Structure formats: C-alpha cells, structure tokens
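J.: Below you'll find the structure I mean.
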Amino acid sequence: MSANASVEGKAVGIASVGHVVFAITLIALGIMDLMKQNFAAIWQPVPKDFPARTVLIYLCGLIPLAAGLGLLLQRTVAIAARVLLIFVLLWLALLRVPPIFSSFSVDVWWAICQTMVMVAAAWILYAWFATDSDKRRLDFATGDNGIRIARIFYGLALIPFGLAHFLYLNATAPLIPGWIPAHVALSYFTGATFIIAGVAIIIGVYGRVAAALSTLQIGLFTLVIWVPIVVKGANAFQWSEFVVSCALTAAGWVVADSYRGIPWLAMRKPNNRVA
C-alpha cells in the first residue's frame with residue numbers, strides 16, 4: 001500500500017508500524033500532560049511568564065491526545081495529521097526559535113532539535129495523508145516534497161545530538177551502564193554516528209540506512225539506559241529524559257518508515273512510497 005494513498009480526500013488505512021507507535025506515544029503524552037497539569041517533558045522548557053501558560057498546558061494535553069487518537073482512525077487521520085503539524089510548527093516558531101536570540105545555550109538548541117524531530121514525524125504523516133484539497137493548495141508540503149522537507153528537519157536535528165556527545169562527554173559517558181565497556185569510546189562513536197546519519201539524510205545518500213540506524217540507536221538509549229533507571233526509581237530529571245527518549249524513538253520510527261520501498265543502499269530516492 002502507498003502511504004500517500006487517498007480517495008476523494010479520505011486517507012486509506014494505517015501507513016506503518018511507526019505510524020501506530022507514534023500515535024500511541026502522542027496519546028500517552030497527552031494523558032500525562034493532563035494528569036500532571038504540566039507540560040510533558042518533550043514540550044519543555046516553557047518560560048514561566050509565557051502568556052496564558054495554563055491554557056497552553058491544557059492545549060499540550062488535548063491536542064496530542066486528540067491527534068494521536070485521530071491518527072489511528074481512517075476517517076480522521078488526515079485532519080489529525082494536519083492539526084498536529086500546525087501545532088508542532090507553531091511550537092517550534094513561537095517557543096523554540098525566539099530564545100536563540102537571547103541565549104544559545106545547550107538547553108535552547110537541544111530543545112529546538114527535539115521539536116524538529118517531532119515536526120519531521122508530523123510532516124511525514126501529513127504528506128502521506130494529505131487530502132486532495134491539501135495537495136492543490138499546499139503542493140510543496142505534501143507528497144515527495146513534504147517528505148523531503150520532513151527528512152531535512154530530522155537530519156538537521158541529529159547533527160547537534162551527535163555534537164552534544166563530544167561537547168558534554170562528562171555528562172554522557174556516566175549514563176552508560178557499568179556492564180558496557182569503553183564508555184568514552186562508545187560516547188564518541190554514538191556521537192559520530194548521529195552526525196554521519198544526519199548528513200546522510202540531508203544529502204540523500206544512504207538515507208534509509210541512516211534513518212533506520214539513528215532510530216535504532218535512540219531506541220537502544222531508551223531501552224539500555226533509561227528503562228533500567230526508571231525501574232530502579234528515577235528522579236524528575238531522569239523521568240523527563242525517559243519520556244523524551246520514548247517520544248524521539250517513536251518520531252524517528254515514522255521517519256525511518258518513510259523510506260520503505262527504497263533500496264537500503266540507494267544513493268538517491270526514486271520515490272517516497274511505502275511498500
């Protein structure tokens with residue numbers, strides 16, 4: 001089945017396993033936000049003095065929850081993808097980009113990259129399930145063009161993820177479990193692979209391999225590093241990192257799925273169809 005398939009403006013079916021995992025993750029983020037009455041970790045940080053902050057908290061719960069549910073239903077998948085993309089793009093533009101002009105600290109650019117990964121997943125879903133009306137009015141954002149833009153967002157986000165392993169080695173290496181040897185070497189290796197994957201995805205060389213391995217790497221971080229910490233009893237910071245890692249894994253999975261049907265070692269993509 002083609003993930004771009006649509007019939008008279010109605011999306012057809014579920015595009016991929018990553019689509020389902022990402023939708024369930026959004027539902028969990030929404031429930032978490034509403035239960036805690038605070039922003040889920042993937043949306044943090046939000047300035048304390050941001051206008052209508054309480055209203056925004058509820059929107060951050062309701063929109064991902066509704067979008068996640070909508071992405072699982074054939075009749076609502078197109079509008080859910082559209083609303084989700086608008087939401088994450090606004091989040092990027094209004095809450096992530098402005099702090100750059102006052103402080104380009106690690107917290108600022110790390111938050112930007114996290115949001116860019118969410119934008120990438122949302123944009124791919126929008127491109128897959130765009131209605132005929134969307135395709136006529138926003139041709140540049142749908143189909144192959146939209147998926148290419150989404151992949152660039154993802155690739156750009158991976159590069160700072162990788163650089164952080166070099167710049168903040170003292171914070172990264174100690175997170176690796178003791179039973180795994182060569183913490184410093186492994187930190188450098190994972191940092192380098194993120195950078196290489198990001199460049200590969202941006203230029204379109206071995207993009208499928210890069211997307212799949214980068215998602216696998218984020219997923220392994222979640223499984224090997226954060227799950228044991230949570231099981232033992234995580235503090236607030238560790239819980240937030242676990243939530244973020246789960247969200248990024250799910251979003252990366254959508255990006256990786258966008259390459260299905262493309263040869264693993266393709267130097268350039270022939271199309272963006274899902275097998």
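J.: Could you list, in sequence order, the residues of the stretch 122-149 that are within 26 Å of LEU65 (Cβ to Cβ), surrounded by fewer than 24 Cβ atoms within 10 Å (Cβ to Cβ) and not β-branched (Val, Ile, Thr)?
T.: Of everything in the stretch 122-149, those that are within 26 Å of LEU65 (Cβ to Cβ), surrounded by fewer than 24 Cβ atoms within 10 Å (Cβ to Cβ) and not β-branched (Val, Ile, Thr) turn out to be SER133, ASP134, LEU138, ALA141.
J.: To continue, here is another question. In the stretch 42-81, which residues are over 18 Å from the mean Cα position of the chain (by Cα), farther than 15 Å from TYR126 by Cβ and either at pLDDT below 90 or part of a loop (DSSP other than H, G, I, E, B) (or both)?
T.: VAL46, PRO47, LYS48, ASP49, PHE50, PRO51, ALA52, LEU73, GLN74, ARG75
J.: Got a number for residues in the stretch 159-190 being assigned to a helix (DSSP H, G or I) and either among the hydrophobic types (A, V, I, L, M, F, W, C) or surrounded by 15 or more Cβ atoms within 10 Å (Cβ to Cβ) (or both)? Before you say what the answer is, go through the steps one by one.
T.: Of all residues in the stretch 159-190, those assigned to a helix (DSSP H, G or I) come to 159-167, 169-175, 183-190.
Subset that is either among the hydrophobic types (A, V, I, L, M, F, W, C) or surrounded by 15 or more Cβ atoms within 10 Å (Cβ to Cβ) (or both): 159-167, 169, 171-173, 175, 183-190.
Adding up the residues that qualify gives 22.
J.: Scan the stretch 104-122 and give yes if some residue there is of a type outside the set (Phe, Trp, Tyr), free of Cβ contacts under 8 Å to residues at least 24 places away in the same chain and either part of a loop (DSSP other than H, G, I, E, B) or out of contact with any helix residue (DSSP H, G or I) (no Cβ under 6 Å at 6 or more places or on another chain) (or both), otherwise no.
T.: Yes, there is a match, as at least one residue in the stretch 104-122 is of a type outside the set (Phe, Trp, Tyr), free of Cβ contacts under 8 Å to residues at least 24 places away in the same chain and either part of a loop (DSSP other than H, G, I, E, B) or out of contact with any helix residue (DSSP H, G or I) (no Cβ under 6 Å at 6 or more places or on another chain) (or both).
J.: Okay, moving on. For the stretch 191-216, which positions are of a type outside the set (Phe, Trp, Tyr) and in a loop (DSSP other than H, G, I, E, B)?
T.: First, pick out the residues of the stretch 191-216 that are of a type outside the set (Phe, Trp, Tyr): 191-193, 195-205, 207-216.
Scanning the stretch 191-216 gives GLY204, VAL205.
J.: Checking LEU90 against (1) assigned to a helix (DSSP H, G or I); (2) in contact with a helix residue (DSSP H, G or I) (Cβ under 9 Å, 6 or more places away or on another chain); (3) closer than 30 Å to THR131 by Cα: exactly one of these is not met. Which one?
T.: Failed condition: (2).
J.: Evaluate the stretch 191-199: report whether one residue or more is among the hydrophobic types (A, V, I, L, M, F, W, C), at pLDDT below 95 and exposed (fewer than 15 other Cβ atoms within 10 Å of the Cβ). Working first, answer last.
T.: Pass one, the stretch 191-199, residues among the hydrophobic types (A, V, I, L, M, F, W, C): 192, 194-197, 199.
Among the residues that remain, those that are also at pLDDT below 95 are: none.
Taking every residue of the stretch 191-199 in turn, none turns out to be among the hydrophobic types (A, V, I, L, M, F, W, C), at pLDDT below 95 and exposed (fewer than 15 other Cβ atoms within 10 Å of the Cβ).
The values are calculated or read from the model by the stated rules, or taken from the named source; none is laboratory data. None of the values given here were measured: they were computed from a predicted structure. Glycine also receives a Cβ, built like all others from the backbone with ideal geometry; neighbour counts cover every protein chain displayed.
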